[in-house]
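The values are calculated or read from the model by the stated rules, or taken from the named source; none is laboratory data. It should be emphasised that the depicted structure is a prediction, and the values quoted were computed from it without experimental measurement. Neighbour counts run over all protein chains shown; Cβ positions are idealised from the backbone, glycine included.
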Amino acid sequence: MFHGRHKERRCGCGCGTRRMRVTRAEPVLVHAAGDVPAADEYYFLSNLDQNVAVLMKTVHVFSPSRARVDAAAVITDALGRVLVHYYPFQGSLVVSTDDGRLSVRNDRRGVPFVVADADCELKEVGDVVLSAPNAAAVQGQLVFVGRSSSNSEDKEDDELRAPLLSVQVTRFRCGGFVLGLAMNHCLADGVAAAEFLRSWGEMARGGPLSSPPFLDRTVLRARTSPTVAFPHEEFAEMEDVSSLACLREEPRVHRAFAIDADGLARLKRQACASSTFVALTAFVWRATLRAMRMRPEQKSKLMFAVDGRRRVDPPLPRGFCGNASSSPAACPLPATSSAGRCPLRPGGSRTPSGARTTRSSVRPSTTCKWPVAGRREAAQSGPAELPRGEVVMFMRDVREGSIVVLLGLPRSCMQEFQDMVDLI
């Protein structure tokens with residue numbers, strides 16, 4: 001499947017990292033390998049699910065192993081068995097003509113699965129596929145997105161029509177491989193996605209599920225007339241007093257910044273913070289506002305996901321599979337969110353809250369504790385691209401104690417952010 005010998009290609013950024021060529025086989029559809037529980041034709045999605053119907057692309061890097069195992073075959077077989085428990089993942093997304101709500105049609109459409117081969121070893125594309133200088137070019141070949149037959153040029157419409165889950169296993173010459181996933185966020189938040197990956201891995205190891213999923217999302221059905229007891233700044237529009245609107249016309253560039261253990265320790269001291277997440281969040285928020293040259297009177301939001309599984313009364317059932325995380329905002333004081341208050345976007349828009357406002361909000365998130373599917377743990381896992389909105393991702397670096405910060409900014413703002421990182 002390789003293209004034969006060819007002149008070695010290098011990244012144009014001067015880092016010396018080798019360019020990569022990937023050859024994909026034709027996708028096959030994987031279905032649940034067994035009888036699934038009796039289900040209605042349509043699977044209910046809550047308001048929290050409705051507003052995050054965007055594709056989340058992730059890559060999971062596995063180093064070479066001495067064991068001679070066909071990783072693609074093992075992962076494919078395990079996927080079929082885990083889909084028995086997570087049967088909505090093989091369905092399709094539909095929009096009701098009555099009220100515009102999304103639901104999953106349990107039509108057993110299947111999960112597209114692609115086996116691919118890279119023309120190099122993992123080390124030739126950089127020690128870290130996730131944060132190498134040319135990571136975007138590398139990652140674009142590692143994640144397959146099953147496309148619909150629609151010719152629409154609207155990205156949002158295309159994502160609604162795409163399969164709910166697509167899988168690619170890319171084999172490298174060294175024996176390592178990368179598992180690339182494209183999963184619609186309406187299926188799962190970070191906690192539920194991690195549980196799905198953990199269950200997938202347990203299937204690959206031949207064991208039972210340690211925590212079967214709870215699939216009934218009607219437990220988060222909103223009341224007919226939601227009661228709003230306090231302000232919800234996370235949904236409020238912010239007045240643009242800093243000419244931020246002009247930044248929307250600029251290309252948005254993405255960079256990865258590695259902050260070592262010493263730098264993290266300095267940030268924690270400066271922020272009087274006990275956790276790395278708090279210290280990094282404080283730094284990124286402050287540095288972003290400066291890089292975007294916001295005026296002192298400009299209001300800004302800091303939003304981050306909070307898992308509500310154990311915070312609601314009564315708590316959600318163990319193994320709840322769905323979106324149970326909300327995004328309270330600090331602006332400047334924190335507010336709380338609820339499933340009943342979370343509105344459906346007008347005109348069918350289902351972008352995450354905050355994505356349609358001026359670019360003065362920051363959404364930190366982390367993948368540092370994600371489990372992975374397979375017989376062994378991945379060397380590293382993380383996003384293949386950032387979703388819409390002002391999302392910032394914190395990822396483990398290959399260097400012990402270091403964290404990689406991945407974010408996007410208007411092109412004219414990135415150098416000033418880099419200067420702030422250099423001062424850590």
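Limited to the range 193-222, what total is found for residues that are hydroxyl-bearing (Ser, Thr, Tyr), farther than 13 Å from residue 83 by Cβ and in contact with a helix residue (DSSP H, G or I) (Cβ under 8 Å, 6 or more places away or on another chain)?
Residues in the range 193-222 being hydroxyl-bearing (Ser, Thr, Tyr), farther than 13 Å from residue 83 by Cβ and in contact with a helix residue (DSSP H, G or I) (Cβ under 8 Å, 6 or more places away or on another chain): 2 in total.
Out of the residues in the range 90-109 that are among the aliphatic types (A, V, I, L, M) and crowded, with 19+ Cβ neighbours inside 10 Å, state the one that is nearest to residue 38 (Cα to Cα).
Out of the qualifying residues, it is 104.
Name the single residue, out of those in the range 43-70 being in a loop (DSSP other than H, G, I, E, B) and not hydrophobic (A, V, I, L, M, F, W, C), that is farthest from residue 393 (Cα to Cα).
The residue in question is 68.
Being in contact with a Cys (Cβ under 6 Å, 6 or more places away or on another chain), surrounded by 12 or more Cβ atoms within 10 Å (Cβ to Cβ) and either at pLDDT below 95 or assigned by TED's automatic domain parsing to the domain that holds residue 189 (or both), is that true of even one residue in the range 59-77?
Yes, the range 59-77 has at least one match.
Looking at this structure, is residue 111 touching a Pro at 6+ places or on another chain (Cβ under 7 Å) and either modelled with pLDDT under 95 or closer than 18 Å to residue 147 by Cα (or both)?
Yes.
How about the range 118-145: which of its residues are outside any loop (DSSP other than H, G, I, E, B), surrounded by fewer than 20 Cβ atoms within 10 Å (Cβ to Cβ) and modelled with pLDDT of 80 or more?
123, 124
Could you check, for the range 21-40, whether at least one of its residues is assigned by TED's automatic domain parsing to the domain that holds residue 168 and within 16 Å of residue 187 (Cα to Cα)?
Scanning the range 21-40 turns up no residue that is assigned by TED's automatic domain parsing to the domain that holds residue 168 and within 16 Å of residue 187 (Cα to Cα).
Here is a yes/no grid of residues against (1) over 22 Å from the mean Cα position of the chain (by Cα); (2) aliphatic (A, V, I, L, M):
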| residue | (1), (2) |
| --- | --- |
| 59 | no, yes |
| 65 | yes, no |
| 68 | yes, no |
| 72 | yes, yes |
| 77 | yes, no |
| 81 | yes, no |
| 84 | yes, yes |
| 90 | no, no |
| 99 | yes, no |
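Is there a residue being touching a strand residue (DSSP E or B) at 6+ places or on another chain (Cβ under 6 Å), at negative phi, in a loop (DSSP other than H, G, I, E, B) and not assigned by TED's automatic domain parsing to the domain that holds residue 85 anywhere in the range 258-281?
No - not one qualifying residue is present in the range 258-281.
Yes/no per residue for (1) surrounded by fewer than 16 Cβ atoms within 10 Å (Cβ to Cβ); (2) modelled with pLDDT under 85; (3) within 24 Å of the chain's Cα centre (by Cα):
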{"site": "249", "(1), (2), (3)": "yes, yes, no"}
{"site": "262", "(1), (2), (3)": "yes, no, no"}
{"site": "278", "(1), (2), (3)": "yes, no, yes"}
{"site": "294", "(1), (2), (3)": "no, no, no"}
{"site": "332", "(1), (2), (3)": "yes, yes, no"}
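Has the range 229-240 got any residue that is hydrophobic (A, V, I, L, M, F, W, C), modelled with pLDDT under 90 and touching a helix residue (DSSP H, G or I) at 6+ places or on another chain (Cβ under 7 Å)?
no
List every residue pair whose Cβ atoms lie under 6 Å apart, where the two residues are 6 or more positions apart in sequence or sit on different chains, the first residue falls within the range 84-104 and is farther than 21 Å from residue 221 by Cβ, and the second residue, located anywhere, is β-branched (Val, Ile, Thr).
84/36; 90/111
Residue 255 - would you say it is within 18 Å of residue 395 (Cα to Cα), charged (D, E, K, R) and surrounded by 14 or more Cβ atoms within 10 Å (Cβ to Cβ)?
The answer is yes for residue 255.
Let's see how each residue does on (1) at pLDDT 95 or above; (2) basic (Lys, Arg); (3) out of contact with any Leu (no Cβ under 7 Å at 6 or more places or on another chain):
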| position | (1), (2), (3) |
| --- | --- |
| 162 | no, no, no |
| 169 | yes, no, no |
| 175 | no, no, yes |
| 197 | no, no, yes |
| 203 | no, no, yes |
| 209 | no, no, yes |
| 213 | yes, no, yes |
